[in-house]
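Read through the structure below, which is laid out as structure tokens, and then see the notes.
The values are calculated or read from the model by the stated rules, or taken from the named source; none is laboratory data. Since this is a predicted model, take the numbers as computed values, not measurements. Because the Cβ atoms are built from the backbone with ideal geometry, glycine has one as well, and the counts that use them run over all protein chains shown.
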Amino acid sequence: MQEIIRKKLQGEPLDPKEATQFEQWINTKEGKKAFELSKKIWDRSKDMRLTKRTDPGLEWARFEKKQRDRNVRQVWFRYVAAASVVLLTVVFWFAGRNNGQIYSVAEGQTPKNFELSDGSVVWLNQRSSLEISSDFLKQKREVSLKGEAYFEITHDASKPFVVKGNHSTVTVLGTSFNYQSNDHNQVHLISGQVKFSTGQEEVSLSPGESAEAVSNTVVLNTFRSENFLSWKTGKLIFDQTKVSTVIKDLEKHFDVAFNLENKALNECTVTVTFQDESLEEVLESLAFILGIEYTIEKDKVVISKGTC
């Protein structure tokens, strides 16, 4: 069947016997799903720009061999995710537009968005909560964040918008930014201007800049990639990106740990875009590009073999 799939993907004609086999196979649930995944990976390979030129035919042969040789994977991730849906119901509530309310999204749940009484819009990531102060809109607009959220703040020069985190504070007038406040305190500014403070040091940010609280001091950086927003957008974009960076972004996006056995792969670069794809779909694409093999064990991904 692998040879028939290859012919279909490359547009080669099938003989009557092969056509009958393919028709019977594609009409099964398993066949349809397997072919859709193979076609997605094959189509994407046409647009990938790697550090060296790639022969799609050779890449398919490598993918085909990997499919034959791979043992049954331990795909516990899916079961853990499914169990989370049953065991962890989303704690997401609000009292109309009254002040003093709390918004919260539990672990394993889909990020939620809501509008505050001043017209500002907030997207809240999983394992995050936002508490609105009881005097919101009186003198200033103050909220407290635990976790991660993306804000689009309505401009009001007379009432600054203040987001209090664990060890830092962000003050804005009207802007859009992503703020992470847990063990890691960091803000990425998309538009407008914000002030980021640790209590001992304060900096002003411009669009395209990020600030991180490190031991009560502020470290200022610039960014081009917006993969830190993948929890909100569902999109991961890699453009000649090192595998070491790809892994960091995937670990955060899927909330899993990666173990890369072949450390030389860290220096390889890939160009690919993912939109609303599962962990296994992403790994299948990387397996096709780099020739890796992988296993998924609960919340850990082990990657072996592979080459640039």
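The table below gives the values:
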read-out: Residue that is in contact with a Cys (Cβ under 9 Å, 6 or more places away or on another chain) and either over 30 Å from residue 170 (Cβ atoms) or among the hydroxyl-bearing types (Ser, Thr, Tyr) (or both), where the choices are 260, 279, 283, 265; value: 265
read-out: Condition met for residue 278 (small (Gly, Ala, Ser), assigned by TED's automatic domain parsing to the domain that holds residue 252 and either closer than 19 Å to residue 239 by Cα or more than 21 Å from the chain's Cα centre (by Cα) (or both)); value: no
read-out: Residue 155 free of Cβ contacts under 8 Å to residues at least 60 places away in the same chain, closer than 20 Å to residue 198 by Cα and in a loop (DSSP other than H, G, I, E, B); value: no
read-out: Failed criterion for residue 177 (all others in (1) surrounded by fewer than 20 Cβ atoms within 10 Å (Cβ to Cβ); (2) touching a His at 6+ places or on another chain (Cβ under 7 Å); (3) at pLDDT 90 or above hold); value: (1)
read-out: Out of 240, 186, 193, sole residue that is in the same structural domain as residue 166 (by TED's automatic domain parsing) and within 30 Å of residue 259 (Cβ to Cβ); value: 186
read-out: Tally, over the range 224-238, of residues that are surrounded by 13 or more Cβ atoms within 10 Å (Cβ to Cβ) and over 20 Å from residue 122 (Cα atoms); value: 4
read-out: Among (1) within 19 Å of residue 113 (Cα to Cα); (2) within 26 Å of the chain's Cα centre (by Cα); (3) of a type outside the set (Asp, Glu), the one test that residue 169 misses; value: (1)
read-out: Test: residue 236 is hydrophobic (A, V, I, L, M, F, W, C) and either under 22 Å from residue 109 (Cα atoms) or in contact (Cβ under 8 Å) with a residue 60 or more places away in the chain (or both); value: yes
read-out: Some residue of the range 186-196 being of a type outside the set (A, V, I, L, M, F, W, C), in contact with a strand residue (DSSP E or B) (Cβ under 9 Å, 6 or more places away or on another chain), touching a residue at least 40 places away in the same chain (Cβ under 8 Å) and buried (at least 16 other Cβ atoms within 10 Å of the Cβ); value: yes
read-out: Residues (acidic (Asp, Glu) and either under 19 Å from residue 111 (Cβ atoms) or part of a strand (DSSP E or B) (or both)) located in the range 184-216; value: 202, 209, 212
